1. Hey, could you grab the Kirkwood Rh for segment 151-279? Inverse mean 1/r over distinct alpha carbon pairs, Å, one decimal.
2. Provide the net charge surrounding S104, with neighbours chosen by a C-beta distance below 13 Å and charges set as Lys +1, Arg +1, Asp -1, Glu -1.
3. For S215 and D442 in one chain, what is 0.36 nm times their gap in residues minus the Cα-Cα distance, to one decimal in nm?
4. What do you get for the angle between helix 197-214 and the principal long axis of the chain? Use alpha-carbon atoms, 0 to 90 degrees, nearest ten.
5. Across segment 87-100, in residue order, what do the Karplus-derived ³J(HN,Hα) couplings come to in whole Hz, using 6.51 cos²θ - 1.76 cosθ + 1.60 with θ = phi - 60° and x for Gly and Pro?
6. What area, in nm² and to one decimal, does the C-alpha convex hull of segment 269-349 cast on average over all directions?
7. Among rounded, prolate and oblate, which fits segment 260-305 when a ≥ b ≥ c are the square roots of the eigenvalues of its C-alpha gyration tensor, a/c under 1.5 means rounded, and a/b larger than b/c means prolate?
8. How far, in nm, would the chain grow between L312 and S343 when pulled straight, counting 0.36 nm per residue and subtracting the alpha carbon separation?
Amino acid sequence: MTESTKAGPATRTTRDLAKAATSGWLGTAMEFMDFQLYSLAAAIVFNQLFFPNVSPAIGLIAAMATYGVGYVARLAGAIYFGRMGDRIGRKRVLYLTILLMGASTTLIGFLPTYAQIGLLAPILLVALRLIQGFGAGAEIAGATVMLAEYAPVRRRGVIASLVSLGTNSGTLAASALWAFLLAVLSDEQLLEWGWRLPFLLSFVLMIFAVWLRRSLKESPVFEERADVVDGRALSRAEAEGSVLEAGLQQRKGKAFFLALGLRFGQAGNSGLVQTFLVGYIASTLLIDRSVPTDAIMYGSLLGFATVPIVGLLGDRFGRRPMYVALSVLTAVLAFPLLLLITSGSTVALVLGMILALNIGVLGLFSLESVTMAELFGARTRFTQLALAKEIGGILATAIGPVVAATLTAVTGSWWPIAAMLVAYSLITLVATVLSPETRGRDLVKLEDAA
């Protein structure tokens, strides 16, 4: 390692940090706006537009399954872009992922429906969903890694939580758009052309995000890595025989499975609360579909306080105590919250969904944004974090709504939803107990924390 290739610690100004924070927030907001637009459309109109010749229950299952296929593509994107991000840097990958997500989401707004072209309509929908997922598979992982690696160590939790605020902002924007459309358009207008508007509007956000990322500086941690020379990571063969070799010998696996367990609670709860319950309330409980979309919107607004507060508490008391508190609270409140949501009272329903979203989804996401980054070593952080997020997404967020739709149809009751919330939260609790405390860890280290 020569002086010319390693000139010393990388420095970043407050302006650089602000730009990285804005970029991470905006990219994640776009990802979650795109996915929430899709998930709400799947719950509200896609069963009629793309799967019209089946019963309402089967149509909802089909729409949720179409929602879920994007998570398969996300896994492929996590592998492809994650490895690229660890090898050549975070910045280039984040530029590519935003382009893929924005283009595919915009094109969904131009799709013909089943009534216009028949079976080809859902096939095209699935194809665009796959492209969207491929780009999104590394977006939130890359934004999480970038922010955690930029942040001062004592404020890492609250700064990294901005990624979660991005998810919250995207959810809020998508929910607000759908709430507005449901309020001002008739059912005929919504099904004829109104559903296209949210997808077409995402193009504007994509252009701004692409412009911002063009001037973003690379992660200082990536530049300081001992195995990075001239902006590129050394391969194992290239590092063989050097002082780096010992640091590359750690067996992988333990930290990954711990991160996967931490991911389960947030990912599973998100799929149930933000996706499945919206469709269940509208199609099974026969409550006006604007009510659950309004509830998600109000919950997302409250999340602007929940997310940074949880981040600050994680910086103050540690990641593990906060994970334990939120996981236990979600499990204990699961059945009472579902009783509120299914009580028949609009006020109780909205309150129940707001609490479930902030405790079981956004609070855990705030912790996840920093803890998973701290668990992994710098050499494979992007890849492992992306894979943990996406495998957790497939097993919990994507499959969960389909399982919930099936179980509630078979039992004719809401209790499977509450039972799934409990199960997801207990998995995260076990992972928390087995995990080391990661607050304050040096992110330049090549080895995992466990």
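The values are calculated or read from the model by the stated rules, or taken from the named source; none is laboratory data. If you're wondering where the values come from, they're calculated on a predicted model, not measured in any experiment. FYI the Cβ positions are ideal-geometry reconstructions off the backbone, even for glycines, and counts take in every protein chain you see. Only protein heavy atoms, including side chains, enter the accessible area calculation; ligands, DNA and RNA are left aside. Shrake-Rupley method; radii C 1.70, N 1.55, O 1.52, S 1.80 Å.
1. Averaging 1/r across every pair of different Cα atoms and inverting gives 19.8 Å.
2. Details: positive: R74, R129; negative: E31, D34, E139.
After counting each charged neighbour, the total is -1.
3. Numbers: separation 227, 0.36 × 227 = 81.72 nm, distance 2.65 nm.
Result for the pair: 79.1 nm of gain on full extension.
4. 10 degrees
5. Taking θ as phi minus 60°, the curve returns 8, 10, x, 6, 4, 4, 5, 5, 5, 5, 5, 5, 5, 4 Hz for segment 87-100.
6. Over every viewing direction, the Cα hull of segment 269-349 projects on average to 5.6 nm².
7. Oblate, since a/c reaches 1.5 and b/c is not below a/b.
8. Full-extension gain reported as 7.7 nm.
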